[in-house]
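This report refers to the structure that appears directly beneath it.
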Amino acid sequence: FRGSITPSPVQDGVYVTSGVWEECEKQVKSSKKSKTSYDCLHISELPIGSWTEDYKTFLEDCIKNRESPFQIFDYAERHSHHNVDFLLKVEEGFVEAAERLRESGKSRQQGGVEKLLKLESTINVNNMTLFDTNHVLRKFKSPLEVIEHFMPARLQLYSKRKEHYTTQAETALHELGSKRRFLQMVCDGKLEILRRPTADVESDLHQHGFEPAHAQMGGEKKEDGGEERGEEVNKKEKKSRKGPFAYLLDTPLSSFTHDAIQRTEEQWKKQESELKQWKSTSEEEMWQSDLDRLEQYLSSYIGGGSGDDDEEKA
């Protein structure tokens, strides 16, 4: 939204949102008998709650109303996916007459370009009815009361998110650590796997302290809120049906090269750093980070929208 939002000068708890308009170069229509001058207005933003199709209907009604003292003759549209773009052809002196009406004592609330072209809307923040955290309709007195109500619930969700990703990082780190030690032991000759029965190799893995796949996933424990986690567990369960140590014994031969072992070491260090970061980041910091990313995205989106519009006009 590129318009303005300002407190209402006449009513507490009410905000006025205004669209954006500007005057364009006058147009002159010539014929053999006469010349007719028109003013041109460019509308590049509508007020909050006003839709393009509804505004078109309003303009068409104004065009049909020939008795209006503020005549609109025609309009054109040049919208993009991001921006509103109306061009209005109005009678000469439209803006000046509208401002005079605004400044007159008796018609102050009906005059002005914004009022006449419905480029203003109001937002009332004194009476908001929303679903609360228990999914029950509740009346809130102010935006601050809404924030105070939902903050504890949102912090709880961040706590669950932290627990989920911490567990996920711990599992990945443990698996990488096991894989790193397995590769090193095989390369050092401390663990023989070639031409040996799988049961014997798995027995040796047990003796060397390697954990089966299901143990690395934390047994059968399930967490709330986890479609993503559920999908991951299902994939690992399918993999573990080949054997409890399939995550090690299915390692491709190319993983035993020096370069591959170094990559595994780097992955382990990276995963260890990620786990430390999850453990050291508070729920409040996670929330602030999300807000920062949202602000950056919205700024980029608005800037990108303006850029696309400029390209279309060019």
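Please treat every number below as a calculation from the coordinates, not as lab data. Please read all numbers here as calculations on a predicted model, not as lab measurements. Cβ: placed from backbone, ideal geometry, glycine included. Neighbour counts: every protein chain shown.
Among the trypsin sites (Lys or Arg not before Pro) found in region 121-150, those both in a DSSP coil and sparsely packed, with 12 or fewer other Cβ atoms within 10 Å of their Cβ, are K141. Indicate the gyration tensor shape class of region 4-124 (rounded, prolate or oblate), computed on the Cα atoms with a ≥ b ≥ c the square roots of the eigenvalues: a/c under 1.5 is rounded; otherwise a/b larger than b/c is prolate and the rest oblate. Since a/c reaches 1.5 but b/c is at least a/b, the shape of region 4-124 is classed as oblate.
Could you rank the peptides 38-48, 290-300, 244-254 by their average count of other C-beta atoms within 10 Å per residue, with the highest value first?
Numbers: 38-48: 18.5, 290-300: 10.3, 244-254: 14.9.
Put in order of decreasing packing, that is 38-48, 244-254, 290-300.
With contacts defined as alpha carbon pairs under 8 Å and 6 or more residues apart, what's the relative contact order of region 4-124 in percent?
Details: 209 pairs, mean separation 32.2, N = 121.
Dividing the mean separation by the residue count of region 4-124 yields 27 percent.
What ranking do H206, H135 get, fewest neighbouring Cβ atoms within 10 angstrom at the top?
H135, H206
What do you get for GluC sites (Glu not before Pro) in region 121-215 restricted to DSSP loop and a cutoff of at most 15 other Cβ within 10 Å of the site's Cβ?
Passing both the DSSP loop test and the Cβ count: E192.
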